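The values are calculated or read from the model by the stated rules, or taken from the named source; none is laboratory data. Computed from a predicted model, the values in this text were never measured in an experiment. In this analysis, Cβ positions are derived from the backbone assuming ideal geometry, glycine residues included, and neighbour counts consider all displayed protein chains. These accessible areas exclude ligands, DNA and RNA; they are computed on the full protein's heavy atoms, side chains included. Shrake-Rupley method; radii C 1.70, N 1.55, O 1.52, S 1.80 Å.
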Amino acid sequence: MPSYCEVALPVPLDRTFTYLTGQGLADAGTGPQRGTRVIVPFRNEKLVGVVTELHDRAPVDFEAKPLEAVLDEEPLLSDQLLELAEWMGQYYLAPLGEVLRGMLPLTAEVRRTVYYRIADAGRDALAGSYDGDGTEKRNRSKLSPEERETERKVLDRLADGEPAKLSSLRTATGASLSLLAAMVRKKWIMRENSMTERDARRMERIAVLVPEMRLPKLTDKQQAILAELAACDGALPVAALTEKGCSPGALQTLVRHGVVRIDERPLSYSFSGLGHVNPAHTLNELQMDALASISTAQGFQPFLLHGVTGSGKTAVYLAALRRVLDRGLGAILLVPEIGLTPAAAAQLDATFGNQVALLHSALTPAERSEQWHRIRRGEAPIVVGTRSAIFAPVPNLGLILVDEEHDQSYKQEETPRYNARDVAVMRAKLADVPVVLGSATPSLESWQNSEAGKYKRIAMPQRVSNRPLPAVELVDMRVEFQQTGQDQLFSRLLITETQAALDRGEQAMILLNRRGYSFVAMCRACGEKLECQNCAISLTHHKPRDSEEALASAGQRLECHYCGFRRTVPKRCPKCDSEHLYYLGAGSQQGEERLQAIFPGARIGRMDRDTVRGRYDLERLLARFHSGEINLLVGTQMIAKGHDVHGVTLVGVVGCDHALSMPDFRAAERVFQLMTQVSGRPGRGTLPGRVVVQTYHPDHYAIIAASAHDYAGFVERELKYRRWMHYPPFGVLANLLIQSPKMEEAAGWAATLGKWFEKSAPAGVRILGPCTAPIARIKQVYRFHLILKGSSRKALNAALRGAISFADEAGIPRRNLVVDVDALRLM
C-alpha cells in the first residue's frame, strides 16, 4: 500500500491534505482507498474526509500525520462521482472537500463529540498569577460576579489536565456556550472535536412466535398476544402489538417462558400514503413519440421536453423509467421542492413498489443514510428527490430526469453553489446516458441550448385528451381602484367567479405569493420601519392561527424570514413612542382571513411555509384537497406546480407581478413562469378551467404572453433584451460576495478587490461594483458584492480565480468570500 494519501476535508480551503496511510491500518485490512471516508486530525479537531489519491510522495515542508481511522471497507464514491465532484469544484470554484460532503449524506454514521481542555494561560488564571493586558482586565470587569465564579468552576473542573465533554462540563459548572467560547478566545481553555464511527441503522423489535414450544397456562392477555402473532404469520413488530392494546408485561412473560422471542431487524422506510396517486392511462400519440425519442437514445443525449401544463409529462417519465428498469438499469428523477417529493414518490411506489428510494433534506439523518445505502446496494434502482439526489450512488445508471427544470430551487444557496439541473447534464455525460429536462416554461438557458442544437427538443403542445388550456382574464387593479374608490385585496371579478365555482360544487385556488399577514410594519408618525435586529430587512407580521379575528397584540409576532428572529408586536413605536403603528401589504395569512369573511360557507385551506412545517403537513393538506374536504385553497407559490386536482376549475392570481419592480434581469422570466405554472392547475378534469389574474402591469409583455399561453412570443421578446444586454444565455455571470461581521472590514475588502479588478480584470469580463448588496446585512453579517459579466466561461473563471488568489495574498479569508457562478439571485 502507498505510504501517503490525499484527503479532501470540508473546510473552505481549495486544496487537499496529505496524511500517512498507517501501516497498522493496512495490516488490519482496513487501509484507505480512493473514495473511502477517513477520520483525520486537523488542527485541534477530528474531521471526516474523503481519500482522493494514494501515493508515495513524502511532503517536503511538514511532517504528515497518520490517519485516525478508515470508515469504509470499500469506496463509497465511484470514480465517476469523484470526477463529477472535481468538475463541480472547478466550475463553481468550490473547495473539493465541501463538494464531497454534499455528496455523502451520512452524518448519522459518525458521532461527533466536543471536548474542552485547560491551557497554560488558564492554569495561570486559576493560580491567580494571570493579569493579562489592559484589554483583558476591562473584559474581566464586564463580567458579573456569577460569571467570574462560573469561569473559576470551569478551570477547577479541567485542572487535572483531562479533557471534559461539553455536556458533562456544562452540567458540572452551569457554564453557557457563550461563556465557554469567550474563555476559548482568551486562550484559557482549548476546544477539541472527536469523531467516532457509529451504527446508524434504524432497528425495530419484532415479536416472533417460537414454533413447537410447549405452552404454559396462559392468561387472557397472553392468549391475545399469541392470537395476534398467529394472524400475522407468527411475527409482528412490538410497536404494532402495543398499538393493538397488547400488554407489554404479558409479552415479557411469554419471552421468559420461551414461547415468544424478540428479534431486531433494520426498520424500512415506507412511501405508502405519502401522496395522491393518479390512475394510469394509455399514452397518446404525442406521449408515445416523446417516449420513443427518450427510449431509443444511445449514450449521452440531452433532451428538452417542452410540454404545456397538463400534457402528461409525468406519464412519459413513468413509462421511460419502466423501459430503463426492464433493461436492468437505474434512474434518477429530480423534483424541485420537498413538497413535490412525497407525491412523486407515492406515484412511483404505486408503479414500481419497493424499487424506489427517496432522498431529500426533510428525512432524518438516519433515514437519509438508510436510503443512500439501499441505492448503493442496488435495492432501489429508482431514486426520486430534490437537488442533492443527483449525487445518488445508482450502480447502473441508465437515465436522469429533471422535472420543472426551470425552477430556481435547483440552485443551492450555500457552498457549493451548484445548479442541480446543470450537474445532472454533466453526470449524464460522464455516465454516457440520456438526460431529460422537462418543463412547461423552460429556462431561457435550456431553450437557447435547444435552439443551438446542444439539446434535442421534444414538443408536447396539447393537453391530455385535447382538453383546452384555461381562459385567462386580466384585471387591471388601477382601474379597479378608480371604479370602487377602495384598495381591495381581491377584485370584484375574482370574488364573483370564486363564488360561482363554489356554488357549482367545484374547487378553486388563489395564489398570494407572500407569507404572513402583512410584510411591512411602519410607524405613521415618524416613518420608522420595524426591521430585524440581525438583517437589514423588514419584519413580517404574523397572527396566531387560532385567533385570526383578533388584532390585539397578544399572541402576534413579527418574524424575519431570513434568520428566524422573532419579537412580539409592540404597542408603540420603538423610535418615537407613537401608538400609530400600521401594516402594509397582504400575505397568504391575511388572504385566508379575508376569504373566510367573503365566503363564510367555503371550506378553506392554506398552503405556505407556516402551515406546512411538519413532515406530513403537506400530505394531509393535499389529501383533504384531493378528497374535496377543502374547496378553496389559498397559498404561496407552493400551490403553483405539481398538483393535479381534477376538481379545480378556477385559479386566482393575486400580487404575482410585484417582482417586475425588482432590480433583477430575470424578473420578467420568473413572473411569466409562475403565472403559466399556476394557470395550468385548473381544467385538468372534464370541466373547463378559468384563470383571473390581478395586475398593476397589464401591458407588460410577460403578463400578456402568460395570459395567452404564448411561450414562444415571450421567449422571442425576452431573448432580444438579453442579447442586447449580454445577459445569460448570451453571456455568463457570477456574483462575488464579500462579507464580515464588521461593516468597515467588509467594505475595505470589497474596495481592495474592486481596485484589483480595475487593474487586472481579463479581457471580455465586465465588473459591476463593488457596492452594498441589496440586502446589506443578514444574520449580523455585512455584505458587499461585485457582479462579473463575461463573454466566455473561460474568461470569467480566470477572473474569479485571479481574485481568489489575490484575496489570499491580501489577507482576505477565503471563508469571507462567496463565489456564486451562474447566480440566479443577486441579493
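Here are the numbers:
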| read-out | value |
| --- | --- |
| Which listed residue is of a type in the set (Lys, Arg) and at pLDDT below 90, from Arg681, Arg723 | Arg681 |
| Pair list, Cβ < 9 Å and 6+ apart or interchain, from the stretch 598-620 residues that are part of a loop (DSSP other than H, G, I, E, B) and open to solvent by 40 Å² or more (accessible area, probe 1.4 Å) to residues that are at pLDDT 90 or above and among the charged types (D, E, K, R) | Arg603/Glu629 |
| Unique match (being among the aromatic types (Phe, Trp, Tyr) and closer than 20 Å to Thr636 by Cα) among Phe481, Phe519 | Phe519 |
| Lone qualifier among Pro762, Pro774, Pro770 - being under 30 Å from Tyr701 (Cβ atoms) and either open to solvent by less than 40 Å² (accessible area, probe 1.4 Å) or of a type outside the set (D, E, K, R) (or both) | Pro774 |
| Verdict on Pro729 being open to solvent by less than 60 Å² (accessible area, probe 1.4 Å) and in contact (Cβ under 8 Å) with a residue 60 or more places away in the chain | yes |
| Answer from Leu54, Leu13 - the residue that is hydrophobic (A, V, I, L, M, F, W, C), open to solvent by 50 Å² or more (accessible area, probe 1.4 Å), over 24 Å from Ala424 (Cα atoms) and in a strand (DSSP E or B) | Leu54 |
| Among the residues listed as Leu581, Leu511, the single one being of a type in the set (A, V, I, L, M, F, W, C), modelled with pLDDT of 90 or more and open to solvent by less than 40 Å² (accessible area, probe 1.4 Å) | Leu511 |
| Residue match in the stretch 91-106 (condition: open to solvent by less than 10 Å² (accessible area, probe 1.4 Å) and hydroxyl-bearing (Ser, Thr, Tyr)) | yes |
| Residue within the stretch 753-767 that is in contact (Cβ under 8 Å) with a residue 12 or more places away in the chain, in a strand (DSSP E or B) and within 25 Å of the chain's Cα centre (by Cα) present | no |
| The lone exception for Asp710 - which of (1) touching a residue at least 40 places away in the same chain (Cβ under 8 Å); (2) over 26 Å from Ala798 (Cβ atoms); (3) surrounded by 14 or more Cβ atoms within 10 Å (Cβ to Cβ) it fails | (1) |
| Tally, over the stretch 16-29, of residues that are modelled with pLDDT under 90 and open to solvent by 50 Å² or more (accessible area, probe 1.4 Å) | 5 |
| Residue count, the stretch 64-86 (criterion: acidic (Asp, Glu), out of contact with any strand residue (DSSP E or B) (no Cβ under 9 Å at 6 or more places or on another chain) and in a loop (DSSP other than H, G, I, E, B)) | 2 |
| Filter pass, Leu348 being part of a helix (DSSP H, G or I) and in contact (Cβ under 8 Å) with a residue 24 or more places away in the chain | yes |
| Residue match in the stretch 585-595 (condition: acidic (Asp, Glu) and part of a helix (DSSP H, G or I)) | yes |
| When residues of the stretch 200-219 are limited to those that are in a loop (DSSP other than H, G, I, E, B) and modelled with pLDDT under 75, the one most open to solvent (accessible area, probe 1.4 Å) | Arg214 |
| Residue match in the stretch 647-660 (condition: charged (D, E, K, R) and open to solvent by less than 20 Å² (accessible area, probe 1.4 Å)) | yes |
| Filter result (buried (at least 22 other Cβ atoms within 10 Å of the Cβ) and part of a helix (DSSP H, G or I)) within the stretch 624-636 | Phe625 |
| The lone exception for Ala747 - which of (1) touching a Phe, Trp or Tyr at 6+ places or on another chain (Cβ under 8 Å); (2) closer than 30 Å to Gln488 by Cβ; (3) not in a strand (DSSP E or B) it fails | (2) |
| Test set (1) more than 30 Å from Ser538 (Cα to Cα); (2) assigned to a strand (DSSP E or B); (3) of a type in the set (A, V, I, L, M, F, W, C) - Ala795 fails condition number | (2) |
| Residue ID - surrounded by the fewest Cβ atoms within 10 Å (Cβ to Cβ), chosen from residues in the stretch 390-403 that are outside any strand (DSSP E or B) and touching a helix residue (DSSP H, G or I) at 6+ places or on another chain (Cβ under 8 Å) | Pro395 |
| Helices (runs of 4 or more DSSP H) wholly inside the stretch 117-167 that include at least 3 residues being modelled with pLDDT of 85 or more and surrounded by 14 or more Cβ atoms within 10 Å (Cβ to Cβ) | 120-127, 145-158 |
